[in-house]
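Undergrad: Just dropping this structure here.
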């Protein structure tokens, strides 16, 4: 990261590189594991994907919700520090406006420069302390939403030779 006078600076370019890594590498791996149960072998769809898809964006039964939480927890646990950091940046970008609104509520009477500095500190705090700041919980929620939205992109009422090609195309579009 770029620091000047002990302040963390993330340029737009650095942020874009990190997000690209998160999407093209980490989220692609997540989708392949969620879809096929493996990063490499793509011959069978997972039961979890088919069940979540069946509920069209609604919450599946508690058993499948727990399975999704377990799957994501295991995936996150196995990430390298770099991959985890990339996903944390991805979450910050996904929730940027929500975090902005939360900060605006608590700082209505600040000058713009002071507000920007305060908001920047809040985002940096989330990166440096993901557990204490709630970023870990936000990551779990965002990944659950991401997989749920991915699941409803497909109709598994008929699984044929084109299904795997269609799924691969959807994975590709989600990771661009």
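The values are calculated or read from the model by the stated rules, or taken from the named source; none is laboratory data. This structure is a prediction, so every number in the text was calculated from the model and none was measured. Neighbour counts run over all protein chains shown; Cβ positions are idealised from the backbone, glycine included.
Undergrad: Within region 8-44, which residues are over 19 Å from residue 151 (Cα atoms) and surrounded by 15 or more Cβ atoms within 10 Å (Cβ to Cβ)?
TA: 10, 18, 19, 21, 22
Undergrad: Go through region 84-126 and count every residue that is free of Cβ contacts under 8 Å to residues at least 60 places away in the same chain, under 19 Å from the mean Cα position of the chain (by Cα) and assigned to a helix (DSSP H, G or I).
TA: 13
Undergrad: Another question, then. Does region 9-19 contain at least one residue that is modelled with pLDDT under 85, in contact with a helix residue (DSSP H, G or I) (Cβ under 7 Å, 6 or more places away or on another chain) and under 28 Å from residue 96 (Cβ atoms)?
TA: yes
Undergrad: Let me ask you something else. Restricting attention to region 138-152, report how many residues are under 25 Å from residue 166 (Cβ atoms) and either assigned to a helix (DSSP H, G or I) or within 8 Å of the chain's Cα centre (by Cα) (or both). Give the derivation first.
TA: We begin by selecting, within region 138-152, every residue under 25 Å from residue 166 (Cβ atoms); these are 142-152.
The next check asks that each one be either assigned to a helix (DSSP H, G or I) or within 8 Å of the chain's Cα centre (by Cα) (or both); those that pass are 142-151.
Residues flagged as under 25 Å from residue 166 (Cβ atoms) and either assigned to a helix (DSSP H, G or I) or within 8 Å of the chain's Cα centre (by Cα) (or both) within region 138-152 amount to 10.
Undergrad: I would also like to ask the following. Consider region 25-66. How many of its residues are in contact (Cβ under 8 Å) with a residue 60 or more places away in the chain, farther than 15 Å from residue 79 by Cβ and assigned to a helix (DSSP H, G or I)?
TA: So the count comes out to 6.
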